Amino acid sequence: MNSELVPSLDKKITEFSSLPVIEGYYLVLGGGKIGSDFARYAREKSFSFVVIIDVDKSSNASNSSVTVGREELLNLIKYFHKSKSKSDNVYFHCMDVRNVPEILEAGIPEFIIPAVPTHAVVNMAIDMLGSFSSGNLISAVQIADNDEKMTAYFNGILSLLPENIVVFNSPKDGAIMLSYAKMGEICPDNCMGPAEYCYNFKREKPETITAYARKLLPIYKGWVFESCQMKPGIGGIRGVDFKEYMLSLMEHVKSVSEKRDSCTIKDRVFFIATTCNCHGIMNLLEVQ
């Protein structure tokens, strides 16, 4: 491991560990249909402090929210954490979801609500471990056709997942999509995602997608971020879980980097999954 990288990574771990999880603060990643729906719900339920971000400054949510710049947003987050006074507004900030770690420096939300068509947690993890002189410390795995070891690793994970919940997999992209809904089936917006039975498609669910993903953990290194039901059709990741898992990931990256020469593929490669009772997305990543 680069000797200059050790103190830098230790500093990042220490700083992230010191961040508070701010009760009553909800961060929505995406201002489209889902983000706008959550904003309406937040107003109905009088949620204390809601921030919506989207790379499109003209997104749906921007039309019904108070738009703020970066410095103002950071000050609002810090003020809310200090005062705990309820805001009368839902705030909108134009930014790429990949840059979310920059605003997490003001505090971690009680809930992070992913509402973008990408794997938001993977994007944030890569960005959090990307601000080093040597570049990104982790990257998404892309498996070449002739890479037998990585292909075997990917297929090993795939073999432990029930076929009926794997709706798509791409070894090239190191990605697996899981769902109790079949390809082409669309869940209703008002679905509560019950754990044991799908009333929409009349389908038994012996275990949740989250449970299936976590069964991989004794064998394969990974982190499963559970999206908890916030309202019908919308889930959120608990800030306490996000903080714990990201710290664990950073410690793992440090450990692997320190013993790089003796590491095997099972040390270097890991998965990140975001799941709920019914659906999930999983991506393979690798320590550089």
Handout entry: Estimated inter-spin distance, residue 151 and residue 17, nm [label 7 Å along Cα→Cβ]
Key = 4.3
Handout entry: Residue-averaged 222 nm ellipticity for the chain, from DSSP H runs of 4+ at -39500 (n - 2.57), nearest 500
Key = -10000 deg cm²/dmol
Practice task
Hey, for a label at residue 43 modelled as a point 7 Å past Cα toward Cβ, could you say which residues of the stretch 93-112 have their backbone N under 19 Å away?
Solution key: 93-94
Practice task
Using 0.36 nm per residue of separation minus the Cα-Cα distance, give me the extension gain between residue 164 and residue 215 in nm, one decimal.
Solution key: 16.8 nm
Exercise for the section: Calculate, for the chain, the solvent-accessible area per residue in square angstrom, rolling a 1.4 angstrom probe over the heavy atoms of the protein chains. Expected result: 48
Practice task
Quick one: dipole size for the chain, taken about the Cα centre, charges +1 on Lys/Arg Cβ and -1 on Asp/Glu Cβ, in debye to the nearest 20.
Solution key: 480
Completion exercise
the chain, Gaussian network, Cα under 10 Å: of 254, 205, 45, the residue fluctuating most is 45
Practice task
Name the residue, out of 32, 184, 239, whose mean-square fluctuation peaks in a Gaussian network model built on the chain with Cα pairs under 10 Å.
Solution key: 184
Exercise for the section: Report the full-extension gain for the segment residue 85 to residue 56: residue separation times 0.36 nm, less the Cα-Cα distance, to one decimal in nm. Expected result: 7.5 nm
Practice task
Mind telling me which of 26, 79, 180 comes out most flexible in a GNM of the chain, alpha-carbon contacts under 10 Å?
Solution key: 79
Practice task
Ignoring everything but the protein chains, give the 1.4 Å probe accessible area of residue 207 in square angstrom, nearest 10.
Solution key: 60
Exercise for the section: At 1.4 Å probe size, with no ligands or nucleic acids counted, give the accessible surface of residue 37 in Å², nearest ten. Expected result: 50
Practice task
State the Cα centre-to-centre distance between the stretch 43-110 and the stretch 129-188 in whole Å.
Solution key: 31
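The values are calculated or read from the model by the stated rules, or taken from the named source; none is laboratory data. What you see is a predicted model; the values in this text were computed from it and never measured. Virtual Cβ from ideal backbone geometry, glycine too; neighbours counted across all protein chains shown. Quick note on the areas: whole protein, heavy atoms, side chains included, nothing else; ligands and nucleic acids left out. Shrake-Rupley method; radii C 1.70, N 1.55, O 1.52, S 1.80 Å.
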